[in-house]
Amino acid sequence: MSAPRPDWMARVLTAIAEERPAAFTTFAPPDEVDRRSAVLMLFGPTADGGSDVVLTSRSRDLRAHPGQVSFPGGRVDPTDAGPVEAALREAEEEVGVVPASVDVVGAMPELFLTPSGNAVTPVLGWWPSPGPVSVVDPGEVERVERVPVAELLDPARRFTVAHPSGYRGPGFEAGGFFVWGFTALLLGAVFDLAGLSEPWDAKVERPIPEHVLSDWMRKRT
């Protein structure tokens, strides 16, 4: 199965360039950043004519954001040509995505993750002929799934996450994942910019489930 890139993907990058949405201004990195990473937002076609996105659950042994749902990705190494190459390399090392099989739409502006002091470049990609994904590096990834976009857009699966620390932010429950934090923020922003989002009730709040709260998070509550 091979499918052409959806029109909405180009709209996302155009909208970011023209409007610079709140998510990309609120979380803009400071002038001096020691750590830079990149993640691959990899969408692809499904057999029913829809689309999905590759999401992972990070290893619970990691120091940064253990157990959280994320996109494949990691640190930009000195040997990488830039964030796009880093995102593709990491996706291959973590879940087996062949870099040459990805139609890279483009890179978005960096977003700064304060807890880890990391400036992250989201790379938007289309997978015209999706291949298998699996956990290649269990030290980085605990689980990987291709999650249907229709599930993520379902208003009944969207809510506001209420963290014990006082944090409030967007959340999704789809593909067996509880998605919050940076990943949920980025998914919501992309869906809004693409014109895909359906109205959902932000007043509905849900706590982070106990099994999602890692020891690292509990120490900060």
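Rundown of residues vs (1) of a type outside the set (A, V, I, L, M); (2) closer than 18 Å to Leu88 by Cβ, yes/no style:
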site	(1), (2)
Ala119	no, no
Trp127	yes, yes
Val136	no, yes
Tyr167	yes, no
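Which of the following residues is over 19 Å from Ser37 (Cα atoms), touching an Asp or Glu at 6+ places or on another chain (Cβ under 7 Å) and either in a strand (DSSP E or B) or not acidic (Asp, Glu) (or both): Phe191, Phe159? Walk me through it before giving the result.
Working: Phe191 fails: touching an Asp or Glu at 6+ places or on another chain (Cβ under 7 Å).
Just a single option satisfies the conditions, and that option is Phe159.
Checking Ala150 against (1) farther than 23 Å from Asp7 by Cβ; (2) open to solvent by 30 Å² or more (accessible area, probe 1.4 Å); (3) of a type in the set (A, V, I, L, M, F, W, C), which single condition isn't satisfied?
Unmet for Ala150, out of (1) farther than 23 Å from Asp7 by Cβ; (2) open to solvent by 30 Å² or more (accessible area, probe 1.4 Å); (3) of a type in the set (A, V, I, L, M, F, W, C): (1).
Here's the yes/no breakdown for (1) small (Gly, Ala, Ser); (2) under 21 Å from Ala202 (Cα atoms); (3) in a loop (DSSP other than H, G, I, E, B); (4) out of contact with any strand residue (DSSP E or B) (no Cβ under 6 Å at 6 or more places or on another chain):
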| position | (1), (2), (3), (4) |
| --- | --- |
| Pro130 | no, no, yes, no |
| Val136 | no, no, yes, yes |
| Arg146 | no, no, no, no |
| Ala150 | yes, yes, no, yes |
| Phe178 | no, yes, no, yes |
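For residues that are closer than 23 Å to Ala86 by Cα and either surrounded by 14 or more Cβ atoms within 10 Å (Cβ to Cβ) or touching a residue at least 24 places away in the same chain (Cβ under 8 Å) (or both), tally how many sit in the range 8-22.
5
Those residues that are basic (Lys, Arg) and touching a residue at least 40 places away in the same chain (Cβ under 8 Å), I need them from the range 115-159; list them, please. Spell out the reasoning first.
Our first condition is that a residue be basic (Lys, Arg); within the range 115-159, this holds for 143, 146, 157-158.
Hits for the range 115-159 are Arg143, Arg146, Arg158.
Mind checking whether some residue in the range 178-197 is among the small types (Gly, Ala, Ser), farther than 24 Å from Met108 by Cα and either modelled with pLDDT under 90 or buried (at least 18 other Cβ atoms within 10 Å of the Cβ) (or both)? Outline the logic, then answer.
We begin by selecting, within the range 178-197, every residue among the small types (Gly, Ala, Ser); these are 181, 184, 188-189, 194-195, 197.
Pick out the ones that are also farther than 24 Å from Met108 by Cα and you get none.
Among the residues of the range 178-197, not one is among the small types (Gly, Ala, Ser), farther than 24 Å from Met108 by Cα and either modelled with pLDDT under 90 or buried (at least 18 other Cβ atoms within 10 Å of the Cβ) (or both), which makes the answer no.
Pick out the one residue from Thr25, Thr56 that is open to solvent by 30 Å² or more (accessible area, probe 1.4 Å) and either out of contact with any Leu (no Cβ under 6 Å at 6 or more places or on another chain) or touching a residue at least 60 places away in the same chain (Cβ under 8 Å) (or both).
Working: Thr56 fails: open to solvent by 30 Å² or more (accessible area, probe 1.4 Å).
The match here is Thr25.
Only one of these is among the hydrophobic types (A, V, I, L, M, F, W, C) and either on the phi > 0 side of the Ramachandran plot or without any contact (Cβ under 8 Å) to a residue 12 or more places away in the chain (or both): Ala100, Ala91. Name it.
Working: Ala91 fails: either on the phi > 0 side of the Ramachandran plot or without any contact (Cβ under 8 Å) to a residue 12 or more places away in the chain (or both).
The unique qualifying residue is Ala100.
Hey, among Glu110, Glu205, Glu210, which residue is surrounded by fewer than 18 Cβ atoms within 10 Å (Cβ to Cβ), at pLDDT below 95 and of a type in the set (D, E, K, R)? Reasoning before the result, please.
Details: Glu110 fails: surrounded by fewer than 18 Cβ atoms within 10 Å (Cβ to Cβ); Glu205 fails: at pLDDT below 95.
Among Glu110, Glu205, Glu210, only Glu210 is surrounded by fewer than 18 Cβ atoms within 10 Å (Cβ to Cβ), at pLDDT below 95 and of a type in the set (D, E, K, R).
Any chance you could count how many residues in the range 60-107 are modelled with pLDDT under 95 and among the aliphatic types (A, V, I, L, M)?
Number of matching residues: 3.
The values are calculated or read from the model by the stated rules, or taken from the named source; none is laboratory data. None of the values given here were measured: they were computed from a predicted structure. When we count neighbours, we look across all protein chains shown, and the Cβ atoms used for this are built from the backbone with ideal geometry, even at glycine. In case anyone asks, the SASA skips ligands and DNA or RNA and just uses the protein heavy atoms, side chains included. Shrake-Rupley method; radii C 1.70, N 1.55, O 1.52, S 1.80 Å.
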